[in-house]
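> Please read through the structure below; I'll follow up with questions.
The values are calculated or read from the model by the stated rules, or taken from the named source; none is laboratory data. Predicted model, so just to flag it, every value in this text is computed and none were measured. Every residue, glycine among them, receives a Cβ derived from its backbone with ideal geometry; neighbour counts consider all protein chains shown.
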Amino acid sequence: MKKRFLFTAGERLRGLRELTGLKRPEFARIVGMKAKTVENIEFGRQRMRDEDFEKVCSVYPDFARWITYEGPIDPVSVAWEIADSAQSAAVYLVEQNPSLLASSNLSLEEWRSRHHDVLERLRQEPGREICEETDDDPDDEETRD
């Protein structure tokens, strides 16, 4: 039996979606694809077109090389990089779409506190647009009224 080293584009797409923790319809909406198209690609019923790659890579630029990679992947050497990229992608996604926290018990402030280091790293990346956190002092509330 010949050992297969490559993951199909569909397997990579599904892996990215699962790393972000998104269900197929939400992932499809975020990247600008139809949920059925994402499903068909993931299950190998449809090839991933160039425009599909562009859509996914424009939303998840940290994964562009991984999702389009055409050679064997050494899981040991890339495991940490993928994990870091996945965390960065997830943090970036929530920072850009705070409504994703609605199903959790965390406020945006608590979430930002937990992910402060990742947010700072993302803010340092060229071309990355992340809003600066506001340093609202709760003691200043009386001056805002």
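> Looking only at helices (runs of 4 or more DSSP H) that lie completely in the range 1-93, which have at least 3 residues being at pLDDT 90 or above and charged (D, E, K, R)?
Output list reads 24-31, 35-42, 50-59.
> Taking the range 98-126 only, how many residues are surrounded by 12 or more Cβ atoms within 10 Å (Cβ to Cβ) and outside any helix (DSSP H, G or I)?
Result for the range 98-126: 3.
> Take the residues in the range 20-45 that are without any contact (Cβ under 8 Å) to a residue 60 or more places away in the chain and of a type in the set (Val, Ile, Thr); name whichever of them is nearest to PHE7 (Cα to Cα).
ILE41
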